[in-house]
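Novice: Quick one: the structure is below, and I'll ask about it shortly.
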Amino acid sequence: MEQNNLYNQINFTASPDGPQNAGPYGTQLKILICPSDTFTVEQLPPGMGGNNYFANYGTNIQFFQNSTVANGAFALRDIGLSLLAITDGTSNTAAFSEMRKGDFNNAVYSKADWINVSALGLPSTADQAYAICQSANPQNLSYQCFSAGGEWLSDDSTGTAYTHVVPPNTTNCCWLANLTFAVTASSAGLPSTADQAYAICQSINPLDLAYQCFSAGGEWLSDDSTGTAYLHVVPPNTTNCCWLANLTLPPRPAVITPTA
């Protein structure tokens, strides 16, 4: 990242969100900002640099623990794991996941909000946390708790870690009564317009095999099987994308060039 100058500005003996760290706390690092997140850094409260990429704390819902409890690549009270400690290989391990930035407004609900559902029961396992969290009505503003993604410097302030226990794009929950969290990775780019779909689709690296989804053109009888239709919304010969989380598809038309 080549940010030695920024690193040297951090006062590790002072509070991350205190005046002694105001400079780095408010610095925007483009590598940590998803360009398709519709909530921009400029909409954050003053003095925040923003962050869309959260470290994998692990599959244990008890937060703020060391590596004896936190089994992800990053523990909040330890230095985390070395690459050699990941015995099943880095290709099988989630290090970071993308998350939307919160709206920092408890008067409204947005998909990125973390809701406090302690009143619905205190979980002791990931399965319990998921069941309780998904039973809650996130539109109930009495559950409003936390907006994440404000900055990258400290998890204590606006969050830089997530718990790898629930499916992507589901509700984020916390139980402040016993410090347990079920925080999901969320795509910063679920489009609602053709322009948004095109911008998100062209921003990703199609060589990243984690995005693999669908091969079309296998038959002509049904669109449900291998596809017989396309959406006329993007230029020819650009990347084909789909968003299974909200069933939007902007594939490109094929362009066939005559050859001698």
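The values are calculated or read from the model by the stated rules, or taken from the named source; none is laboratory data. Just so we're clear, the structure is a prediction, and the values are computed from it rather than from any experiment. Glycine also receives a Cβ, built like all others from the backbone with ideal geometry; neighbour counts cover every protein chain displayed.
Novice: Please tell me if GLY23 is touching a helix residue (DSSP H, G or I) at 6+ places or on another chain (Cβ under 7 Å) and not in a loop (DSSP other than H, G, I, E, B).
Specialist: Yes, satisfied.
Novice: Right, another one. So, in the range 156-197, of the ones that are modelled with pLDDT of 80 or more, in contact with a Leu (Cβ under 7 Å, 6 or more places away or on another chain) and under 19 Å from ALA119 (Cα atoms), which residue ends up surrounded by the most Cβ atoms within 10 Å (Cβ to Cβ)?
Specialist: Per the criteria, the residue is TRP175.
Novice: Another question about this same structure. Take GLN28 and decide whether it is surrounded by 12 or more Cβ atoms within 10 Å (Cβ to Cβ), assigned to a loop (DSSP other than H, G, I, E, B), touching a Lys or Arg at 6+ places or on another chain (Cβ under 9 Å) and without any contact (Cβ under 8 Å) to a residue 24 or more places away in the chain.
Specialist: So GLN28 does not fit the description; no.
Novice: Just to be sure before I move on: is GLY89 over 19 Å from the mean Cα position of the chain (by Cα), modelled with pLDDT under 80 and either within 26 Å of ALA131 (Cα to Cα) or surrounded by 15 or more Cβ atoms within 10 Å (Cβ to Cβ) (or both) in the structure I sent?
Specialist: no
Novice: Looking at the range 120-137, is at least one residue over 22 Å from VAL69 (Cβ atoms), without any contact (Cβ under 8 Å) to a residue 12 or more places away in the chain and part of a helix (DSSP H, G or I)?
Specialist: no
Novice: Being in the same structural domain as THR160 (by TED's automatic domain parsing), touching a helix residue (DSSP H, G or I) at 6+ places or on another chain (Cβ under 7 Å) and in a loop (DSSP other than H, G, I, E, B), is that true of even one residue in the range 77-88?
Specialist: Looking through the range 77-88, none of the residues is in the same structural domain as THR160 (by TED's automatic domain parsing), touching a helix residue (DSSP H, G or I) at 6+ places or on another chain (Cβ under 7 Å) and in a loop (DSSP other than H, G, I, E, B).
Novice: Consider GLY80 carefully, then state whether it is at pLDDT 85 or above and not aliphatic (A, V, I, L, M).
Specialist: no
Novice: Go through (1) among the β-branched types (Val, Ile, Thr); (2) at pLDDT 90 or above; (3) touching a strand residue (DSSP E or B) at 6+ places or on another chain (Cβ under 9 Å) and name the single condition VAL69 misses.
Specialist: Condition (2) is where VAL69 drops out.
Novice: Being within 25 Å of LYS30 (Cβ to Cβ), in the same structural domain as PHE39 (by TED's automatic domain parsing) and modelled with pLDDT under 90: is that true of LEU153 here?
Specialist: Criteria met by LEU153.
Novice: Could you go through the range 71-80 and let me know if any residue there is more than 19 Å from LEU153 (Cβ to Cβ), crowded, with 20+ Cβ neighbours inside 10 Å and under 19 Å from the mean Cα position of the chain (by Cα).
Specialist: The answer is yes; a qualifying residue exists.
Novice: Is it the case that some residue within the range 101-111 is modelled with pLDDT of 90 or more, assigned to a helix (DSSP H, G or I) and among the hydrophobic types (A, V, I, L, M, F, W, C)?
Specialist: no
Novice: Here is a further query. Please verify whether the range 56-69 includes one or more residues that are closer than 22 Å to THR170 by Cα, among the β-branched types (Val, Ile, Thr) and touching a Pro at 6+ places or on another chain (Cβ under 7 Å).
Specialist: Within the range 56-69, one or more residues are closer than 22 Å to THR170 by Cα, among the β-branched types (Val, Ile, Thr) and touching a Pro at 6+ places or on another chain (Cβ under 7 Å).
Novice: Given ALA55, ALA112, ALA22, ALA94, which one is within 22 Å of ASN4 (Cβ to Cβ), in contact (Cβ under 8 Å) with a residue 24 or more places away in the chain and in the same structural domain as PRO167 (by TED's automatic domain parsing)?
Specialist: Only one candidate passes the filter, namely ALA55.
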